[in-house]
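K.L.:
Below is one structure. I have some questions about it.
The values are calculated or read from the model by the stated rules, or taken from the named source; none is laboratory data. Since the structure is predicted, the reported quantities are computational estimates derived from the model, not experimental observations. Cβ placement follows ideal geometry from the backbone for every residue including glycine, while neighbour counts extend to all protein chains displayed.
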Amino acid sequence: MAGIPYCGTAPLPGAAGWNLDPVLITLLAAGALGTLAASPRRAALPLLGWAVLAAALVSPLCNLSVALFAARSGQHLLVALVAAPLLATAFARGGPIGTALPAFAFAAALWFWHAPIAYAATFAPDGIAYWAMHATLLGSATWLWAALLRGRPEGAALAGLVTAIQMGVLGALLTFAPRALYAAHADGVTLPWGLTALEDQQLGGLLMWVPGGLLLGVVLAAGMARLLKPATLALALLMAPGLALAQGNDDTTATPGASSRAPVSVGVLTTNEVTTGASGPRTPSPAVREGADRRERVLGPVCAGLREPALAECRSKSGL
């Protein structure tokens, strides 16, 4: 495209320059001062967002993005995934807002400006398409992040998932495309930087695919944590009575100061007697009269350990 792009001519290694456009610097300063005046106590993060935005648009990254598609992708990541969420914290207070429309707006802006025809228009000397690109990306991204901060947990989780998927798909398409798609980054422009046009495009696609997906994955995980927290609390409350009952059973059956439970009576035997093979009453056996037969010698002490009416029943059934 004839003419010099807004960010200057494609630089050679070591020659990338700063963008000292007075209109841009004035707008950035006005935005930062307006944020500080509107909410001095909560201005720290939004002011950091303005600083990141200045780094993306004023620093040599602007000039470098004329030569390398990977630099343009990095610039977009700084604008949409770093500056935008910081600026969105200025709008974090208030009632819940929907997440579907801002997620769609951001996806539409991202895909539109990466179409080869629209992308080429951003290199026009008048800079109109260039600023339209950054304005729509920044505006839709800030809207999306504000919605994620203020949206309902399920809506924020779904919007984060959809955004991560669509950015990942776009990054994958750029990474695995069989040829370079953007004429502005031809081999003659990218080779001084040690990259072919296709390699430069692949690097830019990976930047959009991996770091962008990771950051939005964190948002998705945070949304899921907010969504699952009430369910986890409800589950704990439902389980609490059962756990308390089980603990109560342990406390009532345990013998203080002992390492095991006290023997429990089972019929005329105790649990200790069952497990050890010992039988008979827990009290010393009374003396058996001299000349007693086998039945009386075996069953007499057993029945003697019982109380009425069990004693009478035992003696009757034993024939004593």
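K.L.:
How do the pairs read when you match residues in the range 95-121 that are assigned by TED's automatic domain parsing to the domain that holds Gly168 with residues anywhere that are surrounded by fewer than 17 Cβ atoms within 10 Å (Cβ to Cβ) and of a type in the set (Phe, Trp, Tyr), using Cβ under 7 Å and keeping only pairs 6 or more apart or on different chains?
P.N.:
Hits for this filter: Ala118/Phe112.
K.L.:
Residue check, Asp126 against (1) part of a helix (DSSP H, G or I); (2) over 20 Å from the mean Cα position of the chain (by Cα); (3) closer than 25 Å to Leu53 by Cα, all met but one. Which one?
P.N.:
Here Asp126 meets the rest and fails (1).
K.L.:
Which one of the conditions (1) out of contact with any Cys (no Cβ under 8 Å at 6 or more places or on another chain); (2) surrounded by 14 or more Cβ atoms within 10 Å (Cβ to Cβ) does Ala108 fail to meet, given that it meets all the rest?
P.N.:
With (1) out of contact with any Cys (no Cβ under 8 Å at 6 or more places or on another chain); (2) surrounded by 14 or more Cβ atoms within 10 Å (Cβ to Cβ) applied to Ala108, the lone miss is (2).
K.L.:
Write out, first by first residue and then by second, each pair whose Cβ atoms fall under 7 Å of each other, whose residues are 6+ apart or on separate chains, and whose first residue, in the range 6-21, is in contact (Cβ under 8 Å) with a residue 40 or more places away in the chain while the second is among the hydroxyl-bearing types (Ser, Thr, Tyr).
P.N.:
Tyr6/Tyr130; Cys7/Ser65; Trp18/Ser59
K.L.:
Give Leu220, Leu216 a once-over and let me know the one that is at pLDDT below 85, in the same structural domain as Phe91 (by TED's automatic domain parsing) and in contact with a Ser or Thr (Cβ under 6 Å, 6 or more places away or on another chain).
P.N.:
Every option except Leu216 fails the conditions.
K.L.:
Can you say whether Leu138 is buried (at least 20 other Cβ atoms within 10 Å of the Cβ), touching a helix residue (DSSP H, G or I) at 6+ places or on another chain (Cβ under 6 Å) and at pLDDT below 95, as far as the supplied structure shows?
P.N.:
Values: buried (at least 20 other Cβ atoms within 10 Å of the Cβ): yes; touching a helix residue (DSSP H, G or I) at 6+ places or on another chain (Cβ under 6 Å): yes; at pLDDT below 95: no.
The answer is no for Leu138.
K.L.:
Moving on. Among the residues of the range 106-113, are any in contact with a Phe, Trp or Tyr (Cβ under 9 Å, 6 or more places away or on another chain) and farther than 12 Å from Trp143 by Cβ?
P.N.:
Looking for residues that are in contact with a Phe, Trp or Tyr (Cβ under 9 Å, 6 or more places away or on another chain) and farther than 12 Å from Trp143 by Cβ, one finds at least one in the range 106-113, hence yes.
A quick yes/no check of all residues on (1) in contact (Cβ under 8 Å) with a residue 24 or more places away in the chain; (2) surrounded by fewer than 20 Cβ atoms within 10 Å (Cβ to Cβ):
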residue	(1), (2)
Leu158	yes, yes
Leu170	yes, yes
Arg179	no, yes
Leu191	no, yes
Met208	yes, no
Leu215	yes, yes
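K.L.:
Scan the range 193-206 for residues that are buried (at least 17 other Cβ atoms within 10 Å of the Cβ) and at positive phi and jot them down.
P.N.:
Passing the criteria: none in range.
K.L.:
A further question on this structure: Looking only at residues in the range 37-70 that are surrounded by 18 or more Cβ atoms within 10 Å (Cβ to Cβ) and either touching a Pro at 6+ places or on another chain (Cβ under 9 Å) or polar (S, T, N, Q) (or both), which one is farthest from Pro13 (Cα to Cα)?
P.N.:
Gly49
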